[in-house]
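The values are calculated or read from the model by the stated rules, or taken from the named source; none is laboratory data. These numbers come from a predicted model, not from an experiment. Here the Cβ is made from the backbone with ideal geometry for all residues, glycine too, and neighbour counts use every protein chain on show. The protein model used for the area step is the full one, side chains on, heavy atoms only, and it has no ligands, DNA or RNA in it. Shrake-Rupley method; radii C 1.70, N 1.55, O 1.52, S 1.80 Å.
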Amino acid sequence: DRFVAAMTPECVDHMPLEEGLRAIGGRFLRALLARDNLAFFRIIVGEGRKFPQLLQRHIASGSDKVRAVVVDYLTARAPQIDAEKNAQYLLDVLRSRHHYRALADEGYAVSDTELDAHVKAGVRFFLNGALPR
């Protein structure tokens with residue numbers, strides 16, 4: 001719940017679609033790369049084989065709630081996009097190399113400028129594929 005709250009901007013309802021997705025995406029990626037969240041993710045994945053119900057609970061309570069934030073925003077702001085089908089694509093594009101590198105290397109750091117540029121490019125890439133032509 002703290003992770004979902006951390007990634008949800010106060011109010012993106014008034015923002016244009018791309019700007020709102022960048023706000024959500026920036027908060028999502030910053031929360032994902034937070035030291036405590038990386039440590040928790042390592043534990044969940046590491047123990048998932050021994051405790052598959054723990055991993056399933058994490059997916060149901062965490063990942064699905066994060067995806068729901070994007071689905072809700074897309075549904076409200078861009079009804080022409082199939083939000084249920086496409087929300088996960090955006091999250092995966094944003095997660096990309098930064099999350100995996102941070103999981104593998106505790107010293108990995110990305111500057112705010114790099115993170116913002118990554119989110120901007122990822123949102124643009126997503127919209128180019130998701131919006132009808």
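Accessible area per residue, 1.4 Å probe, Å², for region 54-133: what's the number? If you can, show how the numbers build up before the last one.
Working: 4800 Å² over 80 residues.
Here the residues of region 54-133 average 60 Å² of exposed surface.
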For the chain, set up a GNM with springs between Cα atoms under 10 Å and report which of D105, D72, D64 has the largest fluctuation.
D105
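Just to be sure I follow the definition: excluding the sites themselves, where is the longest run in the chain that has none of the GluC sites (Glu not before Pro) in a DSSP loop with at most 13 other Cβ atoms within 10 Å?
Working: sites that count: E10, E106.
Counting at most 13 other Cβ atoms within 10 Å as exposed, the longest clean stretch of the chain is 11-105.
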Would you calculate a helix-derived [θ] at 222 nm for the chain, using -39,500 (n - 2.57) for each DSSP H run of n ≥ 4 and dividing by the full residue count, to the nearest 500?
-23500 deg cm²/dmol
If I stretch the segment between D82 and D116 completely, what's the gain in nm (0.36 nm per residue apart, minus their alpha carbon distance), one decimal?
9.7 nm
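Using a Förster radius of 22 Å, what is the FRET efficiency between S96 and E19 based on their Cβ-Cβ separation? Nearest 0.05, please. Don't jump to the answer; show the numbers that get you there.
Values: r = 21 Å, r/R0 = 0.94.
FRET efficiency, S96 to E19: 0.60.
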Output row, site R35, 7 Å Cα→C-beta label point, backbone N cut-off 19 Å, window region 92-133, residues 99-112
Under a 10 Å cutoff between Cα atoms, tell me which one of H14, H118, H99 has the largest fluctuation in the Gaussian network model of the chain.
H14
Relative contact order, percent, the chain [alpha-carbon distance under 8 Å, six or more residues apart]
30 percent
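Which trypsin sites (Lys or Arg not before Pro) does region 1-87 hold that lie in a coil by DSSP with at most 10 other beta carbons within 10 Å? Mind showing how you got there, number by number?
On the way: sites: R2, R22, R27, R30, R35, R42, R49, K50, R57, K65, R67, R77, K85; in loops: R49, K50.
Here the sparse-neighbourhood loop sites are R49, K50.
In debye, nearest 20: dipole of the chain around its Cα centre with unit charges on the Cβ of K, R (+) and D, E (-)? Working shown, then result.
On the way: 19 positive and 17 negative charges, 79 e Å.
Rounded to the nearest 20 debye, it is 380 debye.
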Please compute the length gained on full extension between R124 and A109, using 0.36 nm multiplied by the number of residues separating them and subtracting their Cα-Cα distance.
3.1 nm
Report the one residue of F51, L29, A76 whose Cα lies farthest in the direction of the positive end of the charge dipole of region 1-84 (charges on C-beta: Lys and Arg +1, Asp and Glu -1; origin at the Cα centre).
F51
